[in-house]
1. Scan the range 11-30 for residues that are farther than 16 Å from residue 46 by Cβ and at pLDDT 85 or above and report the count.
2. Checking residue 34 against (1) in contact with a strand residue (DSSP E or B) (Cβ under 7 Å, 6 or more places away or on another chain); (2) at pLDDT 85 or above, which test does it fail?
3. In the range 40-54, what count of residues is obtained for those that are surrounded by 13 or more Cβ atoms within 10 Å (Cβ to Cβ) and assigned to a helix (DSSP H, G or I)?
C-alpha cells in the first residue's frame with residue numbers, strides 16, 4: 001500500500017507547525033500510522049517544516 005501526500009496531510013491535520021521529521025514520526029507512531037506512512041515519514045529529509053505546504057512539497061519531491 002502506498003500513501004499519498006494528501007492522505008498524509010489529512011492524517012496530520014491537527015499537527016502544529018513548525019515540526020521536525022522526528023516529531024512527525026513520533027506523531028505517526030502515537031496515532032497508529034500504517035507502516036507505509038511511517039516509512040514515508042522516515043524518508044523525509046531531517047529538517048524542520050514550517051507549514052503544511054512545505055511538508056507536502058518534501059513528500060512529493062522525488063528523492
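The values are calculated or read from the model by the stated rules, or taken from the named source; none is laboratory data. Predicted model only: the values in this text are computed from it and were never measured. Note: ideal-geometry Cβ built from the backbone for every residue, glycine included; neighbour counts use all protein chains shown.
1. The qualifying residues number 4.
2. (1)
3. The total comes to 4.
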